[in-house]
Amino acid sequence: MKPAVRCCEYRRTPGCTWPHCCRYLHAPEHQSKYVQDGWNITGDLYRVDSDGYFWHEGRTDDLIVSAGYKISAVEIEAALMAHPKVAECAVIGAPSKERGEIVKPSWFFGER
């Protein structure tokens, strides 16, 4: 399943719950990539459990590519959050001349 939000094409359309536009101004490469057949491709990843609930799992563009390896920032954040003293954390890909990107974590200790 490809998560998407229906594009209302600059007007209220029956069935749309939020008036919005799906137009990337002066960026046709983004328009063709992120808007397909009138649907705004969000890049969010979900799983559906046995009860039919949707669970947000991350984003398709949330990968750090380091020395050719694709690394999930979400998985690293989950590992950091498993430590009982970590209250919050975030992981980004920082530029690296040698590897393209390197993993750069930040965290705060404290109460959850």
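Scanning the range 99-112 for residues that are in contact (Cβ under 8 Å) with a residue 24 or more places away in the chain, under 14 Å from I64 (Cβ atoms) and of a type outside the set (A, V, I, L, M, F, W, C) gives R99, G100, E101, P105. For the range 78-97, the candidate set comprises residues that are among the charged types (D, E, K, R) and without any contact (Cβ under 8 Å) to a residue 24 or more places away in the chain; within that set, the residue that is surrounded by the most Cβ atoms within 10 Å (Cβ to Cβ) is E88.
Scoring E57 on the criteria (1) over 19 Å from the mean Cα position of the chain (by Cα); (2) under 25 Å from Y34 (Cβ atoms) leaves a single failure, condition (1).
For the range 14-48, the set of residues classified as farther than 19 Å from L63 by Cβ, modelled with pLDDT of 50 or more and in a loop (DSSP other than H, G, I, E, B) consists of P14, G15, C21, C22, R23, Y24, L25, H26, A27, D37, G38, listed by residue number. If you go through the range 36-68, how many residues are exposed (fewer than 12 other Cβ atoms within 10 Å of the Cβ) and of a type in the set (S, T, Y)? Adding up the residues that qualify gives 2. Suppose we keep only residues that are outside any strand (DSSP E or B) and loosely packed, with under 13 Cβ neighbours inside 10 Å within the range 98-112. Which one would you say is modelled with the lowest pLDDT? Out of the qualifying residues, it is R112. Can you tell me which residue in the range 55-71 is nearest to E101 (Cα to Cα), limited to those that are part of a strand (DSSP E or B) and modelled with pLDDT under 90? So the residue we want is L63.
The values are calculated or read from the model by the stated rules, or taken from the named source; none is laboratory data. Remember, predicted model here, so these are calculated numbers, not experimental data. Cβ sites come from the backbone with ideal geometry, for glycine too, and all protein chains shown count toward neighbours.
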